[in-house]
Amino acid sequence: MSQFQTLLARTGLAFLVIFLSALVFAPNVLEEDLIIAFKTERRLEDGTREPIPAEFVRDFLSDRENGLRYFFPRRTCVPEAAGNIPETHRCVLTGRFITSARVNELVQAYPEVIDDQHTGLAPHPIERFFGFLNGRDYKNLRVKLGLDLQGGMRVIFQADFEHYLARLEEKYRPELERLRTQLSLPASSEEEREETRGRIQFIQSELALTEDKKRELLGQARSVIDKRLSAQNLTENEMRVQEDSYSISLDMPGVANSTGVLSKIRDTVRVEYRLVNSEATARVNQEDANRGAMQEIYRLYARSEGRVDPRDIEDILKVVRERSGITEAEGRLFLSWRRAPDDPGSRVLPREFLVLGPPILDGDDMRNAGASVGQSAWYEVHFGLTEAGAERFCAISSESIGQRLAIVWGDRVVSYPTIQGAICGGSGQITGEFTNQEATELANVIREGALPLDLVVLSVSYVGPSLGQESIIKGVISIALGFVVVILFMIGYYRLTGFVAVVALLLNLLIMAAIMSLLEFTLTLPGFAGVILTVGMAVDANVIIFEKIKEDLRAGKSPTVSIESGFAASFWTILDANVTTLIAAVILYIPKDGPIMGFAITLFFGLVSSMFTSLFISHLLFDWFTYLVNVRKLSIGWGFERRKRAA
């Protein structure tokens, strides 16, 4: 390959890296759309509903003192309909640098008016393009600011032990009745009776909620919440368990959709297997009034796109239970969700009532779940069972051949196949016409575990930044000032050659910013310190290279030879110096302490990008210069010129 072809190949690689870096970082500086959705009605203190008229929304959008203009004074929100939300109750505001904290502040100020489930920053087209990276509709490419820079949301959860005990009693009630009946049989041997007594004592100990048990449950809840926060890329949170009040305090930086985040954190959705009570189910579904109730539930979900008030559904279910005379012994009333039989592309909606018995298997018995495409082209979830779960499932399925087995995800029945034979393989699968996203979410619930108990939100408040806008301004000034000083020094000392280092420094910042965007990095004050340190260290490699080139020029070598030997001789020196610092950054990252971790990440990727720009980009610029220009004299510094005249 000729020198020109080699240069073109290297230039193509450099342009590809620079182009992708600019593309990834672009959503941080380009205009973005903030979607603001308003509720169509609000619930009053007495439980009644009051519609929110379009005139109220228009006044709110134009109000500079108590409306949208107070938060975004120089921007206009343009009405735009979407789905089932009319343009009278939805608008789009376009601008730059709209922070999640500002959106959260707006939502928290008007929780009864603004629908925060449908309010938030819309994905940029570039983010939608990169959606393939995480298998979703879009990839978030915006660098988030930490709690110390932009504030966030503080939530205090309190454990609901009463509901926890009620769920355990429902789970163990049939087994306790069976064991007590078995214990009363005279035909049982003493060994069997002793085993039965031991099992009864174990269940009773599970139902006895001691202080140690409560603390253990709080610790488990914290662990599950931490996993869910990490799954939402909320890694800079601060969480504290307050054992005296049985509560968990959580600070989250830059959270915009508080309802969406809270619903995922508090979600006690569990995966359960329950037997269908066919007789009670038939009694419920055959009644004309109940069919009308199901149509009403269907209409609520069909027209709402997830905006249904759970209390409305619970009120309807309560009436259906009372009307049908469903007793506690017969089971609980659930909704069966599925697509229309004649339309595979239709939405999954509630279409039937089911009465189900107590859970015979739950998420505690399942492990190692994963989603895959099934034979029907829909996704399904495969899981393994624990040893105890496999034994119990085998016994119950052997006794229940011919009955329907409902698979419940949260409060939804996703399928209820008929048991054709004993299921004793220690594994299972869940089918239910799932999309990839739904199956993955269900698998995550099984794999990561459900919350062991319900959490009640005691308070939600907006947290102002501890150092805030002033710190952001000072941080940006520090980076800019450091950048200017480095530029002045490099150009002043190395003259024209110093421009190569300046270009390398600019590209280093771009590549580093792109990497942080791709990683959805949360920038805190220590992270700012890492960026500032990187600015200072970015030209270190260029200084080593330039000084080596000057030595070769003094030795009488030509500029072209001096450049090649300068880069070759400096490579290992630069690599050794940076690798030792990279090791230090990795060690700082290992404890995963939020602020220190932010500093370690910026330092690590700053050094990686600086090595690329100094050893590859700078070398490429020099090679193009020497290829296009017949260089006889290289402007590379005042010190070199003085020594040349003295010689």
Compute the FRET efficiency between residue 193 and residue 327 as 1/(1 + (r/R0)^6), taking r as their Cβ-Cβ distance and R0 = 30 Å, and round to the nearest 0.05. 0.45
Where in the chain lies the longest segment free of trypsin sites (Lys or Arg not before Pro) that are both loop residues by DSSP (not H, G, I, E, B) and have at most 12 other Cβ atoms within 10 Å? 97-346
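Normalising by the residue count of the chain, find the relative contact order in percent from Cα pairs under 8 Å and 6+ residues apart.
On the way: 1000 pairs, mean separation 103.1, N = 647.
Worked out over the chain, it gives 16 percent.
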Given R₀ = 51 Å, what would the calculated FRET efficiency be for residue 78 paired with residue 584, taking r from the Cβ atoms and rounding to 0.05? 0.50
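Using a ≥ b ≥ c from the Cα gyration tensor of segment 271-450 (square roots of the eigenvalues), is it rounded, prolate or oblate, where a/c under 1.5 gives rounded and otherwise the larger of a/b and b/c decides, a/b for prolate? Could the numbers behind the result be given before it?
Values: a/c = 1.87, a/b = 1.30, b/c = 1.44.
Oblate is the answer for segment 271-450, as a/c is 1.5 or above yet b/c matches or exceeds a/b.
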Given the candidates 196, 417, 158, the one whose Cα lies deepest towards the positive end of the charge dipole of the chain, counting +1 at each Lys or Arg C-beta and -1 at each Asp or Glu C-beta, is 158
Most positive-pole-ward Cα, 400, 539, 521, against dipole of the chain from beta carbon charges: 539
Rounded if a/c under 1.5, otherwise prolate or oblate - the chain, Cα gyration tensor axes: prolate
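With a sphere of radius 13 Å drawn around the Cβ of residue 394, what net charge do the other residues whose Cβ falls strictly inside it have (Lys, Arg +1; Asp, Glu -1)?
Working: positive: 392; negative: 365, 387, 391, 399.
Around residue 394, the surrounding residues sum to -3.
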Quick one: net charge around residue 566, please, counting Lys, Arg +1 and Asp, Glu -1 for every other residue with C-beta under 9 Å from its C-beta. -2
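Please report the relative contact order for segment 271-450, taking Cα pairs under 8 Å with a sequence separation of at least 6, and give it as a percent rounded to a whole number.
Details: 324 pairs, mean separation 48.9, N = 180.
Across segment 271-450, relative contact order equals 27 percent.
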Placing each pseudo-label 7 Å from Cα in the direction of the beta carbon, residue 63 and residue 2 end up separated by a distance in nanometres of 7.3
What is the magnitude of the charge dipole of segment 31-123 about its Cα centre, with +1 placed on the Cβ of each Lys and Arg, -1 on the Cβ of each Asp and Glu, and no other charges, expressed in debye to the nearest 20? 280
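Please give the length that would be gained between residue 635 and residue 315 if that part of the chain were fully extended, namely 0.36 nm times their separation in residues minus their C-alpha to C-alpha distance (nm, one decimal). Please list the in-between numbers first.
On the way: separation 320, 0.36 × 320 = 115.20 nm, distance 8.25 nm.
Length gained, residue 635 through residue 315: 107.0 nm.
How big is the charge dipole of segment 271-450 about its Cα centre, in debye rounded to the nearest 20, if each Lys and Arg gets +1 on its Cβ and each Asp and Glu gets -1 on its Cβ? Before the final figure, lay out each step's value.
Numbers: 20 positive and 28 negative charges, 67 e Å.
Computed charge dipole of segment 271-450: roughly 320 debye.
To the nearest 20 Debye, how big is the dipole of the chain about its Cα centre, given +1 on the beta carbon of each Lys and Arg and -1 on that of each Asp and Glu?
Details: 70 positive and 82 negative charges, 672 e Å.
For the chain, the charge dipole is close to 3220 debye.
Multiplying the sequence separation of residue 212 and residue 289 by 0.36 nm and subtracting their Cα-Cα distance, what value in nm do you get?
On the way: separation 77, 0.36 × 77 = 27.72 nm, distance 4.86 nm.
Using 0.36 nm per residue and subtracting the Cα-Cα distance, I get 22.9 nm.
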Please give, to one decimal in nm, the separation of the simple spin-label points placed at residue 342 and residue 56, each 7 Å out from Cα toward the Cβ. 4.1
With a point put 7 Å past each Cα toward its Cβ, work out how far residue 30 is from residue 168 in nm, to one decimal. 5.4
How are the alpha carbon pair distances in segment 31-123 distributed across 10 Å bins from zero to the largest one, expressed in percent? 16, 54, 26, 4, 0
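What's the local net charge at residue 211, with K and R +1, D and E -1, over the other residues with C-beta under 12 Å away? All intermediate terms of the calculation are to be shown ahead of the outcome.
On the way: positive: 213, 214, 215; negative: 212, 216, 243, 244.
Summing Lys/Arg as +1 and Asp/Glu as -1 gives -1.
All of the numbers you see were taken from the coordinates with simple rules; none came from a lab. Note that the structure is predicted; figures quoted are calculated from it, not measured. Using ideal geometry, Cβ is built from the backbone for each residue, glycine included, and neighbour counts are taken over all protein chains shown.
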